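The values are calculated or read from the model by the stated rules, or taken from the named source; none is laboratory data. Just so it is clear, the structure is predicted and the values come from calculations on it, not from any experiment. For neighbour counting, all protein chains shown are included, and Cβ atoms are generated from backbone atoms with ideal geometry for every residue, glycine included. All accessible areas refer to the heavy atoms of the entire protein, side chains included, with ligands and DNA or RNA removed. Shrake-Rupley method; radii C 1.70, N 1.55, O 1.52, S 1.80 Å.
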Amino acid sequence: MTELVIWHEFDGQGDTSIEVLEQLCENFEEQHGVHIRLESMSITELGERIKHIHRTGEGPHMAIVPSDMASYKESALLSAVPLAWYEGIIGEHVLQSMLVDGYQAGLPILTGNHLALYYNRGLYTNPPLDWQEWSERSAELNDKGITPVGIDIKQSYSFIPLLTAFGGWPMHNNKPSLGTPEMEAAIAYVQSQREKGVLKSFDGATELLEQFLAGQISAIITGEWIYNYLQREMGDELGVAHLPAIAGKASFSMSSSIGLIFPNDSINSSLGDDIRKFAAFLLEDESQLAWAERAQRIPVRTGAMEKLQATADPNRQNLIVMANASRPIPVSPFMIAAWVGMEAGLAELEQGNAEGACRKMVDVSEEVVAQIEQFLHEKNGEDETNESNSVQPSVH
């Protein structure tokens, strides 16, 4: 039996997307006689392995990734997705999330992937709308042994809403922009909220969810991909609210699509037809609605999205509104430098070194930018050499 290998990062106890993916792969095998072998790994490992495919040659036939990884089109030798695979099926704004310099480097299958505030309705009829109100309530909650707000501050994606509330953004002119007054202000603010007992950091995949479900944290900031798991566990006790504002300034998350990429130009390999069938299968109405109904994710197929919006409960309506208010992750080969730099600085912040956090972000991001620029320079040099050495057609 033919086998296709897919790498993905649906991991952690709260990510129920893996249940849907596994069932869809089983259904595909029954219908088409092609086995799908899924290989799960952390988002960090996934990114590291994909970006080195050009060097190692070791990669899957497909990978399910956040849309910004479409920027690895050079380093992962990604196939361009043919127009016929998505024309009239996926909206233009979603397709653009995996479009790199006019090159459709990935095929979106889900959208959203943004952050929200989840709160315990047993503690709040209406949750605070800004950090000042959270601060005012923090002493009472701490006296009861309850953390007001939990977040995984080591994860740079989780930090973005605090940065945007100060008017910051991690990229400028297609390069990391981390040593800014807005970044300094966001870091200082997080440190102050931690010192006041308003905000506490937990491991996002385990401790954050466990303590929230146990009633030890009154609200958490985490991704829309966790909603299905929390709703299963909490039922009507779960509330979903917008991210808290800071001094009247709105906070918004990044968002992205989740999509298929095709390393080592796999679309044009001997298994290309089976790959095409699997991609089409994931975009069928039944498959898209499976994501919406069983994992409560946001589909990309236009008809499935319309059905979801018409039938969603208030919590899910809030998630959809927040998705529309978010800002897409920049699709740039240098975005990885911003992520790595922020995570290095946030590790310093986690250890209490707020003063050195921003400097660390800048230093590490500049190192990664230099590595990327060297790779792109070498890659362009190889392309020019190959072009000059190629056999030119004779003119008769």
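Scanning for something open to solvent by 40 Å² or more (accessible area, probe 1.4 Å), modelled with pLDDT of 95 or more and of a type outside the set (Ser, Thr, Tyr), does the stretch 218-226 turn up at least one residue? Please lay out each step first, then the result.
If we filter the stretch 218-226 for residues that are open to solvent by 40 Å² or more (accessible area, probe 1.4 Å), which is where we start, we get 225.
Narrowing the set further to residues that are modelled with pLDDT of 95 or more leaves none.
For the stretch 218-226, residues open to solvent by 40 Å² or more (accessible area, probe 1.4 Å), modelled with pLDDT of 95 or more and of a type outside the set (Ser, Thr, Tyr): absent.
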**Prompt:** Only one of Ala323, Ala310 is more than 26 Å from Gln31 (Cα to Cα), outside any loop (DSSP other than H, G, I, E, B) and over 23 Å from the mean Cα position of the chain (by Cα); which?
**Reply:** Ala310
**Fill in**
A careful count of residues in the stretch 247-261 that are crowded, with 21+ Cβ neighbours inside 10 Å and touching a Pro at 6+ places or on another chain (Cβ under 9 Å) gives 9
**Request:** Name every residue in the stretch 283-296 that is at pLDDT below 90 and either within 16 Å of Ile89 (Cα to Cα) or in contact with a helix residue (DSSP H, G or I) (Cβ under 6 Å, 6 or more places away or on another chain) (or both), in order of residue number.
**Result:** Ala292, Arg294, Ala295, Gln296
**Test for Val340: is it under 25 Å from Lys154 (Cβ atoms), modelled with pLDDT of 90 or more, touching a helix residue (DSSP H, G or I) at 6+ places or on another chain (Cβ under 6 Å) and surrounded by 13 or more Cβ atoms within 10 Å (Cβ to Cβ)** = yes
**Message:** Checking the conditions here, which among Ala165, Ala219, Ala247 is over 30 Å from Ile64 (Cα atoms) and touching a strand residue (DSSP E or B) at 6+ places or on another chain (Cβ under 6 Å)?
**Reply:** Ala165
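When you check Glu136 against the structure, is it out of contact with any Gly (no Cβ under 8 Å at 6 or more places or on another chain), surrounded by fewer than 19 Cβ atoms within 10 Å (Cβ to Cβ), under 26 Å from Glu195 (Cα atoms) and not hydroxyl-bearing (Ser, Thr, Tyr), yes or no? Don't jump to the end; show me each part of the working.
Working: out of contact with any Gly (no Cβ under 8 Å at 6 or more places or on another chain): yes; surrounded by fewer than 19 Cβ atoms within 10 Å (Cβ to Cβ): yes; under 26 Å from Glu195 (Cα atoms): yes; not hydroxyl-bearing (Ser, Thr, Tyr): yes.
The answer is yes for Glu136.
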**Message:** I'm trying to understand the selection: among the residues of the stretch 349-365, which are within 24 Å of the chain's Cα centre (by Cα), open to solvent by less than 60 Å² (accessible area, probe 1.4 Å) and not hydroxyl-bearing (Ser, Thr, Tyr)?
**Reply:** Leu349, Glu350, Ala357, Cys358, Met361, Val362, Val364
**Residue satisfying all of: in the stretch 153-169; farther than 23 Å from Asp363 by Cβ and in a loop (DSSP other than H, G, I, E, B); most open to solvent (accessible area, probe 1.4 Å) among these** = Gly167
**Request:** Residues that are open to solvent by 50 Å² or more (accessible area, probe 1.4 Å): find the strands (runs of 3 or more DSSP E) completely inside the stretch 1-120 holding 3 or more of those.
**Result:** 34-40
**Request:** Please state which of the following conditions Lys144 fails to meet, knowing it meets all the rest: (1) out of contact with any Phe, Trp or Tyr (no Cβ under 6 Å at 6 or more places or on another chain); (2) in contact (Cβ under 8 Å) with a residue 12 or more places away in the chain; (3) farther than 26 Å from Asp265 by Cβ.
**Result:** (2)
**Item:** Single condition Glu366 does not satisfy, out of (1) touching a helix residue (DSSP H, G or I) at 6+ places or on another chain (Cβ under 6 Å); (2) part of a helix (DSSP H, G or I)
**Value:** (1)
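Test Ala292 against the stated conditions and say whether it is in a helix (DSSP H, G or I), open to solvent by less than 20 Å² (accessible area, probe 1.4 Å) and touching a Pro at 6+ places or on another chain (Cβ under 8 Å). Break it down stepwise before answering.
Details: in a helix (DSSP H, G or I): yes; open to solvent by less than 20 Å² (accessible area, probe 1.4 Å): yes; touching a Pro at 6+ places or on another chain (Cβ under 8 Å): yes.
Considered against the rule, which asks whether it is in a helix (DSSP H, G or I), open to solvent by less than 20 Å² (accessible area, probe 1.4 Å) and touching a Pro at 6+ places or on another chain (Cβ under 8 Å), Ala292 comes out as yes.
Does Glu22 qualify as being without any contact (Cβ under 8 Å) to a residue 12 or more places away in the chain, of a type in the set (D, E, K, R) and under 20 Å from Ala205 (Cβ atoms)? Step through it out loud before you land on a result.
On the way: without any contact (Cβ under 8 Å) to a residue 12 or more places away in the chain: no; of a type in the set (D, E, K, R): yes; under 20 Å from Ala205 (Cβ atoms): yes.
So Glu22 fails the test.
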**Request:** Can you run down the residue pairs with Cβ atoms below 8 Å, 6 or more apart or on separate chains, where the first is in the stretch 237-250 and under 20 Å from Leu213 (Cα atoms) and the partner is charged (D, E, K, R)?
**Result:** Glu237/Arg121; Leu238/Arg121; Gly239/Arg121; Val240/Arg316
**Request:** Could you check Gln211 against (1) buried (at least 20 other Cβ atoms within 10 Å of the Cβ); (2) modelled with pLDDT of 95 or more; (3) not small (Gly, Ala, Ser) and say which number it fails?
**Result:** (1)
**Request:** Kindly establish whether Ala304 is modelled with pLDDT under 90 and open to solvent by less than 10 Å² (accessible area, probe 1.4 Å).
**Result:** yes
**Prompt:** Which residue, of Ala370, Ala310, is out of contact with any Leu (no Cβ under 6 Å at 6 or more places or on another chain), more than 25 Å from Asp152 (Cα to Cα), modelled with pLDDT under 85 and of a type in the set (Gly, Ala, Ser)?
**Reply:** Ala310
